[in-house]
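A quick write-up on the structure given underneath.
The values are calculated or read from the model by the stated rules, or taken from the named source; none is laboratory data. Computed from a predicted model, the values in this text were never measured in an experiment. Here the Cβ is made from the backbone with ideal geometry for all residues, glycine too, and neighbour counts use every protein chain on show.
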Amino acid sequence: MELGLVNSSTLLNNLIKLNQMKSKGIGTKIYEVNKKLGIDKVANGIARAVGKKDCGCKKRAQQLDNVQNKLTSMFQGNKNK
């Protein structure tokens, strides 16, 4: 597996595209950034090397989104009281 450096214009273009995408929450945003940077491939490669099916990135992203949604609703509920 070869890891190459991303030039600044490619990185900038990827960040602009990422900013334009609609995300569910912070977990999804982190997942999308990692995917754009290729970190997910490295994480999945390591996971497979140690006998795992995948790195669990999607599951963690969903869990973070759920926590964010609960916190948001909890604090918004307090605002209205």
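Selection of the range 52-70 for residues being surrounded by 13 or more Cβ atoms within 10 Å (Cβ to Cβ) and outside any helix (DSSP H, G or I) yields CYS55, GLY56.
Applying the criterion of being of a type in the set (Val, Ile, Thr) and over 14 Å from ASN14 (Cβ atoms) to the residues of the range 28-51, the residue that is surrounded by the fewest Cβ atoms within 10 Å (Cβ to Cβ) is VAL50. The selection criterion, being modelled with pLDDT under 90 and not hydroxyl-bearing (Ser, Thr, Tyr), holds for GLY25.
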